[in-house]
1. Confirm whether VAL136 is crowded, with 19+ Cβ neighbours inside 10 Å, under 21 Å from ARG25 (Cα atoms), in contact (Cβ under 8 Å) with a residue 24 or more places away in the chain and β-branched (Val, Ile, Thr).
2. Given (1) surrounded by fewer than 23 Cβ atoms within 10 Å (Cβ to Cβ); (2) more than 15 Å from the ligand (Cβ to nearest atom), where does GLY80 come up short, assuming only one miss?
3. Regarding GLU119, is this residue away from the ligand (no atom under 15 Å from the Cβ) and open to solvent by less than 50 Å² (accessible area, probe 1.4 Å)?
4. Of everything in the range 14-34, what is within 14 Å of GLU142 (Cβ to Cβ) and touching a residue at least 12 places away in the same chain (Cβ under 8 Å)? Give them in sequence order.
5. Would you confirm, using the coordinates I've provided, whether GLU69 is more than 13 Å from the ligand (Cβ to nearest atom), part of a loop (DSSP other than H, G, I, E, B) and open to solvent by 10 Å² or more (accessible area, probe 1.4 Å)?
6. If I go through the range 267-285 residue by residue, how many of them are open to solvent by less than 40 Å² (accessible area, probe 1.4 Å), modelled with pLDDT of 95 or more and closer than 24 Å to ILE230 by Cα?
7. Working only within the range 10-42, note down all residues that are within 15 Å of the ligand (Cβ to nearest atom), of a type outside the set (Lys, Arg) and open to solvent by 50 Å² or more (accessible area, probe 1.4 Å).
Amino acid sequence: MKEGNDYPSYLKAYRDGSLSAACSRLVARLKPCDLCPRRCGVNRLDGGAGFCGSGRLASVFTYQRHMGEEPVISGERGSGTVFFSHCNMKCIYCQNYRFSSLGEGVECEPERLAAIFMEIQEMGCHNLNLVTPSHVVPQILEALILAIPQGFSLPIVYNTSGYESADVISELAGIVDIYLPDMRYGDDGAAMRCSNAPGYVAANRAAVAEMFRQAGPLAVEGGVARRGMIVRHLVLPGGLSGTATVFRFIAERLSKDIHISLMRQYNPVYKAAGLPPLDRRITDDEYADAVKLLEEYGLENGWIQDEHGDKEVETFLGENFSSMA
Ligand code: SF4
């Protein structure tokens, strides 16, 4: 551990004890579990599992160097992604349903998770990219506390679908430097219908506001994100993503400086195949309309995808994953 170095932020939090204190508070929230807006109330410390299906230990489906995230996340050496099993949303179009809904993966004691973090650092990745971490935040901090004395010092990217409790995110102040949240829906009806996520909009907005309060606008050094927040917005067919509502919130309630990653790689997989309008890809016009809305709301920072979205399709589809099992 590098004494006196305050980046990533968790090194200071480790030294002053605040990381350990946050971890203890979050572990206690596993019984009864209220880690996310569902507040299932199950006792995960004693083997129970709630809506997400996750118990006491975190499960990992796979971990790998990822070259296809946003350019400032992947950089030249890649982002070290850890794909956690289970999810607190149930998106009927989920491309990762094998591990998000069906729970494929391997349960990891904190020591094993810490070893994965170290492997990712040894691969030379720019950062540790925690994919769908909302239901395993305490377990991640337990592993981090074990990894730091072994020399772990990669910045953490908190890569979330955005169905979060703001008070859990507030525990990550001084621990997470880079937030990568989805703002998936602007309307609770769509969030319910497509992802079975009641109250998504209010929870998502409160959580993203807390992330921005902590991390601020994106700061890049040497072409790689050092700190800040990037909001991802996936354009869904038939206007289901409520793009105008989402952008209005960002522009009027947060900041027009926020970087937006406007994604066009929606693919009708899993249960979406027979459910119009989710049974088709988005049209060029639908994506062009979303791009126009960026301009309309004065959101000038971020990334849009080319007409095929090939790079992102390759990045996010589940077929290129290999299981740990
Ligand atoms: S993390 Fe899982 S068990 Fe806990 S409240 Fe959310 S869905 Fe329920």
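The values are calculated or read from the model by the stated rules, or taken from the named source; none is laboratory data. This is a predicted model, so every value here is computed, not measured. Note that each Cβ is placed from the backbone with ideal geometry, even for glycine, and that neighbours are counted across all protein chains shown. Heads up: the accessible areas ignore ligands, DNA and RNA and are worked out on the full protein's heavy atoms, side chains in. Shrake-Rupley method; radii C 1.70, N 1.55, O 1.52, S 1.80 Å.
1. Yes, satisfied.
2. Unmet for GLY80, out of (1) surrounded by fewer than 23 Cβ atoms within 10 Å (Cβ to Cβ); (2) more than 15 Å from the ligand (Cβ to nearest atom): (1).
3. no
4. Scanning the range 14-34 gives TYR14, LEU19, SER20, ALA22, CYS23, ARG25, LEU26, VAL27, ARG29, LEU30.
5. Here the answer is no, as GLU69 does not meet what is asked.
6. Qualifying residue count for the region: 1.
7. Within the range 10-42, ALA28, PRO32, CYS40 meet the criteria.
Residue-wise test of (1) touching a helix residue (DSSP H, G or I) at 6+ places or on another chain (Cβ under 6 Å); (2) of a type in the set (Ser, Thr, Tyr); (3) under 13 Å from ASN301 (Cα atoms).
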| residue | (1), (2), (3) |
| --- | --- |
| ALA202 | no, no, no |
| GLU210 | yes, no, no |
| LYS256 | no, no, yes |
| ARG264 | yes, no, no |
